[in-house]
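Worksheet: one structure, shown below.
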Amino acid sequence: MPLTVVRVAAVAGAGLYAGILLGDLAGAAQARPQLNPSSLVQLQQIIHARFVIIMPVLVVVTLLACVGWLVFIRSNRKSPEFWLVAGATAGVVLCGILTRLVSVPINDQLVKWSVAFPPPNVHELWAPWEGAHAIRTVIAVVAFALAVVALALGTPPPPPVDSDRLKET
């Protein structure tokens, strides 16, 4: 049962994370270059206020679930499941590193910008965030795909022990 829980948590977390990033890349990221500087700052401040809490929690839960999955199957290190989960875990870690190194410093600047008087070169200041976002989206989608394949190829957990059957023997 615990193995099933960590598998589901890892796949669901990786899927939610990849879906959120992909949704932004396919939607809002396409609109941002068309926005005037004030609108860009306002949009991103609103988005940031919502995601500054949920995204770190989602990434940490996903990472813990992936690591837990690896711990449960560590005796099968030569199995495809183990290496697929290791790849998914590495992808989540890479996304976290990219976010911390590029996105967080830019977001820290973003919250200080005035909607009424944004920096005149706001699109240029924001461009590295967009580039990092595109890269981490690809990594997150690949990590999710690896987790899904690992789940499909994984050894089924042992059936639960029937306590009534044990009493008969």
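What to note about this one:
- Members of the stretch 105-125 found to be among the β-branched types (Val, Ile, Thr) and either exposed (fewer than 15 other Cβ atoms within 10 Å of the Cβ) or not in a helix (DSSP H, G or I) (or both), listed by number: VAL111, VAL115
- One residue from ARG7, ARG100, ARG32 being of a type in the set (D, E, K, R), surrounded by fewer than 16 Cβ atoms within 10 Å (Cβ to Cβ) and in a helix (DSSP H, G or I): ARG100
- Enumeration of residues in the stretch 35-85 that are outside any helix (DSSP H, G or I) and either modelled with pLDDT of 95 or more or in contact with a strand residue (DSSP E or B) (Cβ under 8 Å, 6 or more places away or on another chain) (or both): LEU35, ASN36
- Count of the stretch 59-89 residues, restricted to those that are within 30 Å of ALA31 (Cβ to Cβ) and buried (at least 18 other Cβ atoms within 10 Å of the Cβ), is 2.
- Pair list, Cβ under 7 Å, 6 or more apart: the stretch 16-27 residue closer than 14 Å to PHE51 by Cα, other residue among the basic types (Lys, Arg): LEU21/ARG136
- Per-region count, the stretch 83-99, residues without any contact (Cβ under 8 Å) to a residue 24 or more places away in the chain and under 18 Å from LEU3 (Cβ atoms): 2
The values are calculated or read from the model by the stated rules, or taken from the named source; none is laboratory data. This structure is a prediction, so every number in the text was calculated from the model and none was measured. Virtual Cβ from ideal backbone geometry, glycine too; neighbours counted across all protein chains shown.
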